[in-house]
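Single-structure report; data block below.
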Amino acid sequence: MSTAATLPESPERSPAGPAYRPDDRFAGWAASLAVTLLALFLRLWQLGTPKAMLFDETYYAKDAWSLVHFGYVRTYVSGADQKILDGHTTGLWTDSPSMIVHPEVGKWLIGLGERALGMDPTGWRVSAAVVGSLMVLVMCRLALRLTGSIALAVLAGLLLTFDGLQLVLSRLALLDIFVAFFLLLGVHCLVLDRFWFRARLRREMPQQSASGAGLGPVRRLLVRPWLLAAGVSFGLAVGTKWAALYPLAAFGLLVWLWSAGARRARGLRRPVLKSALVDGIPAFVQLVVVAALVYVASWTGWLVHADQYEEHLSSTQYTRFVSWDGTCDGETMTGVTSDDDRSWPTAREPDASGVGEVTQSLRSLWYYHQDVLTFHRYFLNCATHDYASAPSGWLLVNRPVGADAQLDIKPGQQGCDAAPGSDCLRQVLIIGTPALWWGSVLALLASVVLWVGRRDWRYGVAVVGVASTWLPWLMYDDRPIFSFYAILALPFLVLACTLVAGELVGRSRTPSPRRTLGVIVAGSFFTLVLVNFAWFWPIWTDGLLTHSEWLDRIWFQRWI
């Protein structure tokens, strides 16, 4: 297979996807790993700078340390942040559990970095840097599988590498990069499952059905290894943040329709209904049920210490909450009806043992989830935040998030070479590479047209990915939410750009005006993204800038 930017035939003509020779596999992996190493270098560069807890690192870094040392998240004393930055970690945590409102997988991973490198900025950020780089590797492999082109796979990986949002979140101990990684990995496994399913179906049913009757092969298609892997990946994604539930549902439906399409291609009548029975139910078990089991297993530390939560958190304000009339006094909810007698039933029961203890702990976890859901549904409704933004504008980079800023650095301090009367500053701004995001919106629109008009399923992966990770946030635009949540949509925007670039270049390697124009357009877009990335590098990495240099990078008032 050539490394030229070519697309394989449509799935109807080539249901098993492109074939790979051993030398192609080596070249594909070598190219993918090279891009990944570049991404890792950029994400590890001066990772411990600035030496501070940035944005929500103040929660997740301490929660992660608590998890890996105590097995569950404990509360901490006042002023713990500064004591930690001063190098102290003893005597900072109490024995009481903390009411955390996000699942624990991401915090366990952050904790692994702290275990390995210590409780300092490098320690609590290194896991995000590694996972963010692995996300680039998965991006390359997914693009290679969808396009059959090593050049396009490298393009996809480099576009993700040179996005500022992905870069900054890979350099902070926040949860979102972990969700994005596991989500992309899960989708990659689903794409591999599609190829596997069609290849197995063709092997079991080499000739198309003449009558269209019957169900087609069933038994040898019940266990789908890549679908099981996807279930594990989605379980870990949901086990980091619940936002992954929406793409799990969307891609679950897509898997069913892919299976139905494969049976239709073998000549079977009423494939959607038949596939719902013979493919849909087993797929639900291997994808959704497995994801649910992995999710519950990710709470093992909580379950082992359920008695602590039953004792201390079974009567929180969220448990006692009954209703709210929708009124606010500033950022405080008013008109709340509570019941002081409400508590978890398990907290009023005697401690069980054996299987009964497991059941009791699982019930307590269920009550805890009800409290967390109450928090997310109600207790942010009156809150405000300077960096909150409307999700309708996220793809257009409407409002970045300032993670850190050091202002008023005088000339001569820290190497500041500003003119007299001016000053310098440092900033870590969570914002995507504008050229990439703005260009990807056009690519997304083209993907919708090509998916619907040409019925090319690959564009559907990009469209469903963006829709399921972005559109649900429109339901929550009445509360403080942040543009960096769009990191979940980013790999699918990159995929749309990659597929459209392949479309512009064309499948034929014969020189032609169209191919030349396509290469110029795709190459110009990538060059623009690369230049934009280099220009914005200082505001992503705490670089020293004069005030005028900083303003040259803040293109809109809403970015301040």
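Among all residue pairs at least 6 apart or on different chains, which show Cβ distances below 8 Å where the first residue, located in the range 301-312, is over 17 Å from Trp65 (Cα atoms) and the second is open to solvent by 50 Å² or more (accessible area, probe 1.4 Å)?
Listed pairs, sorted by first residue: Leu303/Val358; Leu303/Leu362; Asp307/Asp351; Gln308/Asp95.
Looking at this structure, is Leu134 touching a residue at least 60 places away in the same chain (Cβ under 8 Å), of a type outside the set (Phe, Trp, Tyr), surrounded by 24 or more Cβ atoms within 10 Å (Cβ to Cβ) and in contact with a helix residue (DSSP H, G or I) (Cβ under 8 Å, 6 or more places away or on another chain)?
Answer is no for this residue.
Each row is one residue, and each column tells you yes or no for (1) part of a loop (DSSP other than H, G, I, E, B); (2) without any contact (Cβ under 8 Å) to a residue 60 or more places away in the chain; (3) under 28 Å from Val138 (Cβ atoms).
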{"residue": "Pro472", "(1), (2), (3)": "no, no, yes"}
{"residue": "Phe484", "(1), (2), (3)": "no, no, yes"}
{"residue": "Leu499", "(1), (2), (3)": "no, no, yes"}
{"residue": "Leu530", "(1), (2), (3)": "no, no, yes"}
{"residue": "Asp542", "(1), (2), (3)": "yes, no, yes"}
{"residue": "Ser548", "(1), (2), (3)": "no, no, no"}
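Residue by residue through the range 142-189, note down the ones that are open to solvent by 10 Å² or more (accessible area, probe 1.4 Å) and outside any helix (DSSP H, G or I).
Phe162, Arg171
Going through the range 190-202 one residue at a time, which ones are open to solvent by 10 Å² or more (accessible area, probe 1.4 Å) and not basic (Lys, Arg)?
From the range 190-202, those open to solvent by 10 Å² or more (accessible area, probe 1.4 Å) are 192, 194-196, 198-200, 202; that's our starting set.
Selection gives Leu192, Phe195, Trp196, Ala199.
Collect the residues in the range 270-329 that are farther than 13 Å from Ser364 by Cα, small (Gly, Ala, Ser) and outside any helix (DSSP H, G or I), keeping them in residue-number order.
Within the range 270-329, Ser298, Ser323, Gly326 qualify.
Please specify each residue of the range 384-416 satisfying the condition of being open to solvent by 30 Å² or more (accessible area, probe 1.4 Å) and small (Gly, Ala, Ser).
Within the range 384-416, Ala388, Ala390, Ser392, Ala405, Gly412, Gly415 meet the criteria.
Report, by residue number, each residue of the range 55-99 that is β-branched (Val, Ile, Thr) and either over 31 Å from the mean Cα position of the chain (by Cα) or open to solvent by 50 Å² or more (accessible area, probe 1.4 Å) (or both).
Within the range 55-99, Val77, Thr90, Thr94 qualify.
Cβ-Cβ under 9 Å, sequence separation 6+ or interchain: first residue in the range 89-105 and of a type in the set (Phe, Trp, Tyr), partner open to solvent by 40 Å² or more (accessible area, probe 1.4 Å). Which pairs?
Trp93/His69; Trp93/Phe70; Trp93/Arg74; Trp93/Thr75; Trp93/Tyr76; Trp93/Val77
Considering only the range 417-445, state which residues are in contact with a strand residue (DSSP E or B) (Cβ under 7 Å, 6 or more places away or on another chain) and either crowded, with 19+ Cβ neighbours inside 10 Å or outside any loop (DSSP other than H, G, I, E, B) (or both).
Passing the criteria: Ala418, Cys424, Leu425, Arg426, Gln427, Val428, Leu429, Ile430.
Quick check on my filter: what residues within the range 280-290 are open to solvent by less than 40 Å² (accessible area, probe 1.4 Å) and farther than 28 Å from Ala489 by Cβ?
Pro282 - this is the single residue of the range 280-290 that is open to solvent by less than 40 Å² (accessible area, probe 1.4 Å) and farther than 28 Å from Ala489 by Cβ.
Give all pairs with beta carbons closer than 7 Å in which a residue from the range 197-209 that is of a type in the set (Phe, Trp, Tyr) meets a residue that is open to solvent by less than 100 Å² (accessible area, probe 1.4 Å); count only pairs at least 6 apart in sequence or on separate chains.
Filtered contacts from the range 197-209: Phe197/Leu221; Phe197/Arg224; Phe197/Ser259; Phe197/Ala262.
For the subset of the range 550-560 comprising residues that are open to solvent by less than 80 Å² (accessible area, probe 1.4 Å) and part of a loop (DSSP other than H, G, I, E, B), which member is nearest to Asn532 (Cα to Cα)?
Going through the qualifying residues, I end up with Arg553.
Here is a yes/no grid of residues against (1) over 26 Å from Pro247 (Cα atoms); (2) open to solvent by 50 Å² or more (accessible area, probe 1.4 Å); (3) of a type outside the set (Ser, Thr, Tyr); (4) outside any loop (DSSP other than H, G, I, E, B):
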position	(1), (2), (3), (4)
Val336	yes, yes, yes, yes
Ser343	yes, no, no, no
Asp351	yes, yes, yes, no
Gly356	yes, no, yes, yes
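Go through the range 296-312 and report how many residues are open to solvent by less than 30 Å² (accessible area, probe 1.4 Å) and in contact with a strand residue (DSSP E or B) (Cβ under 7 Å, 6 or more places away or on another chain).
1
Filter the range 256-269 for residues that are touching a residue at least 12 places away in the same chain (Cβ under 8 Å) and either aromatic (Phe, Trp, Tyr) or assigned to a helix (DSSP H, G or I) (or both) and give the result.
First, the residues of the range 256-269 that are touching a residue at least 12 places away in the same chain (Cβ under 8 Å): 256-263, 265-269.
Correct list: Trp256, Leu257, Trp258, Ser259, Ala260, Gly261, Ala262, Arg263, Ala265.
Could you give every pair whose Cβ atoms fall below 7 Å, whose first residue belongs to the range 108-127 and is more than 23 Å from Tyr295 (Cα to Cα) and in contact (Cβ under 8 Å) with a residue 60 or more places away in the chain, and whose second residue is open to solvent by 50 Å² or more (accessible area, probe 1.4 Å) and not in a helix (DSSP H, G or I), counting only separations of at least 6 or pairs across chains?
Hits for this filter: Pro121/Lys51.
Looking at Leu293, Leu253, Leu268, Leu257 in this structure, which one is open to solvent by 60 Å² or more (accessible area, probe 1.4 Å) and over 30 Å from His376 (Cβ atoms)? Walk me through how you get there before you give the answer.
On the way: Leu293 fails: over 30 Å from His376 (Cβ atoms); Leu253 fails: over 30 Å from His376 (Cβ atoms); Leu268 fails: open to solvent by 60 Å² or more (accessible area, probe 1.4 Å).
The unique qualifying residue is Leu257.
The values are calculated or read from the model by the stated rules, or taken from the named source; none is laboratory data. Source: prediction; values computed, not measured. Positions of Cβ are generated from backbone atoms using ideal geometry, with glycine treated the same way; all protein chains shown enter the neighbour counts. The protein model used for the area step is the full one, side chains on, heavy atoms only, and it has no ligands, DNA or RNA in it. Shrake-Rupley method; radii C 1.70, N 1.55, O 1.52, S 1.80 Å.
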